[in-house]
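Below is one structure; the comments refer to it alone.
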Amino acid sequence: MIKLRLLTAAAAVLLVMMCACGTSHPEPQMEGHYTYRHAFNYDMGGNHFDVHETGTMDFYADSTALDSARQVYTVTLPDSSTTTWVFNYISPSRWHLDGDTLHFAGIKDGFRMELIEGDGATELAHNIIDLYSSGIDYEYHFHLDTLTADLLQWSFTYRDGHRDTWEFHRK
């Protein structure tokens, strides 16, 4: 009788463990297609840049990614006049996740940033393209803030201490 009770208890524990394992949900993965909107600003060479971008980010299982965005720059020049440029930004990239640190860098071959609309100061616009192109392969270390089935959020803290956050919505 005791052996039967022990056997029944062991079978019950095994059944609970099997059911629990069968209903667990895998951790969300980075791989997928995301959309995003992001805004940032900075000062350079006496000019103030306000940038708004709308894009898509595709993460692939082979540790590559593709960042495609429409970037709108509104630039306030030293004389207080403004100019606006629209860029097409295409950046094949590589990535890997190490705990909550996302290592992310562009790949120079295939990177494109093209001025598709703009008024005035186009030499400065081309300097922006050259600046991005020259450093696109720098590896950034982003902090992975959130990764769910629907949302990817990362942040970066700059040398001056300010922090920027990107939100990507899985499609």
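Inter-label distance, ILE107 to ASP164: 2.3 nm, where each label sits 7 Å from its Cα along the C-beta direction.
Sites listed here are trypsin sites (Lys or Arg not before Pro) in segment 39-117 whose DSSP assignment is loop and whose Cβ has at most 14 other Cβ atoms within 10 Å: LYS108. The accessible surface of segment 52-171, taken with every protein chain in place and a 1.4 Å probe, is 50 percent carbon and sulfur. Positive end of the dipole of segment 27-79 (Cβ unit charges, origin at the Cα centre): among GLN29, VAL75, ASN41, the Cα lying farthest that way belongs to VAL75.
Here segment 32-171 is treated with +1 on each Lys and Arg Cβ and -1 on each Asp and Glu Cβ, and its dipole about the Cα centre works out to around 260 debye.
Could you tell me which residue out of THR165, HIS126, ALA149 lies farthest along the dipole of segment 110-171 toward its positive end? Charges go on the beta carbon: Lys and Arg +1, Asp and Glu -1, centred on the Cα centre. Value: ALA149.
For a label point 7 angstrom out from the Cα of THR82 toward its Cβ, which stretches of segment 91-120 have the backbone nitrogen within less than 18 Å? Under cut-off, by backbone N: 117-120. Here each label is just a point 7 Å from Cα along the line to Cβ, and for LEU115 and SER63 those points are 3.7 nm apart.
The values are calculated or read from the model by the stated rules, or taken from the named source; none is laboratory data. What you are looking at is a predicted structure, and each value in this text was computed from that prediction instead of being measured. Here the Cβ is made from the backbone with ideal geometry for all residues, glycine too, and neighbour counts use every protein chain on show. For the accessible areas, the whole protein counts, side chains as well, though only heavy atoms, and no ligand, DNA or RNA atoms are used. Shrake-Rupley method; radii C 1.70, N 1.55, O 1.52, S 1.80 Å.
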